[in-house]
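Enquirer: Take this structure first; my questions come after.
The values are calculated or read from the model by the stated rules, or taken from the named source; none is laboratory data. The structure displayed is predicted, hence computed values, not measured ones. Because the Cβ atoms are built from the backbone with ideal geometry, glycine has one as well, and the counts that use them run over all protein chains shown.
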Amino acid sequence: MAERILLVDDHPLTRSALAGLLRQHGFDVVGEAADGEEAISSAESLQPDLILLDLSMPGLDGLGALPRLREAAPHCEVVVLTASGTEENLLGAIRGGAAGYLLKSEPPERIVDFLRGVANGEAALSGTVARRLLEQVRAGGGRGSGVPDSIAAVLSARELEVLLLLDEHLGTDEIAKRLFISEHTVRSHVKSLLRKLGVSSRRDALEALATARG
């Protein structure tokens, strides 16, 4: 079955070009949105598999919309596609739960390949973006959470909370009650943090945390 994609960009010509490209390569473009609020409403009603999200938009921008998109469509992966490769936007997007961060300067075929990778559970980062993220991790990105910088730099604030509660040996239901969210949302955050840490189980995530702490 073709991956169902929601396109979010305030430029109609950009959306049209992306829709044509993706449909040509077998994706199912199920909706388009021109700003963050419209994207959230569309994500909630359409429940797409992927959202391709621009950051610079009028009203609610991409960074502001990202966490709400993750709540509106918990099973959906969000990939940022933007002209901005700044560290602030990059880390903001990753902390907000993005599964990838791509630059609009990427060749169209590379964008398609990246999206196919995300559909298969991989992360998607443009080359220059990946280098900046690595530099940021090396420099330290901790936020006073008690989690080592190498892990804190790549997880969203909510994913950090979930990881720390897993470290307290809490189950899904207990984490949901502690954070006042659904068990379904907890599982979604766990899936996302496992992917970002490059591990396949909660146990492996806690081992990675212990190793990073030294």
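Enquirer: Looking only at region 83-95, filter to residues that are within 14 Å of residue 64 (Cβ to Cβ) and in contact with a strand residue (DSSP E or B) (Cβ under 8 Å, 6 or more places away or on another chain); which one of those is surrounded by the most Cβ atoms within 10 Å (Cβ to Cβ)? Lay out the reasoning, then the answer.
Expert: Filtering region 83-95 for residues within 14 Å of residue 64 (Cβ to Cβ) gives 88-89, 92-93, 95.
Still in the running and in contact with a strand residue (DSSP E or B) (Cβ under 8 Å, 6 or more places away or on another chain): 89, 93.
Numbers: 89: 19, 93: 25.
Here the answer is 93.
Enquirer: Sticking with this structure for a sec: Which numbered condition in (1) among the basic types (Lys, Arg); (2) surrounded by fewer than 18 Cβ atoms within 10 Å (Cβ to Cβ); (3) at pLDDT below 90 is the only one that residue 110 fails?
Expert: Checking residue 110 against (1) among the basic types (Lys, Arg); (2) surrounded by fewer than 18 Cβ atoms within 10 Å (Cβ to Cβ); (3) at pLDDT below 90, the one that fails is (3).
Enquirer: Tell me whether region 22-35 contains one or more residues that are closer than 19 Å to residue 68 by Cβ and in contact with a Gly (Cβ under 7 Å, 6 or more places away or on another chain).
Expert: Yes, the conditions are met somewhere in region 22-35.
Enquirer: Filter region 1-18 for residues that are touching a Phe, Trp or Tyr at 6+ places or on another chain (Cβ under 9 Å) and surrounded by 15 or more Cβ atoms within 10 Å (Cβ to Cβ) and give the result.
Expert: Scanning region 1-18 gives 3, 4, 5.
Enquirer: Follow-up question, since we're still on this one. What are the residues in region 30-53 that are touching a Ser or Thr at 6+ places or on another chain (Cβ under 7 Å) and assigned to a helix (DSSP H, G or I), if any?
Expert: none
Enquirer: Report yes if some residue within region 136-158 is farther than 27 Å from residue 105 by Cα and at pLDDT 80 or above; otherwise report no.
Expert: Yes, that holds for at least one residue.
Enquirer: Being of a type in the set (A, V, I, L, M), within 17 Å of residue 50 (Cα to Cα), at pLDDT below 90 and not assigned by TED's automatic domain parsing to the domain that holds residue 188 narrows it down to one residue among 73, 65, 130, 99; which is it?
Expert: So the residue among 73, 65, 130, 99 that is of a type in the set (A, V, I, L, M), within 17 Å of residue 50 (Cα to Cα), at pLDDT below 90 and not assigned by TED's automatic domain parsing to the domain that holds residue 188 is 99.
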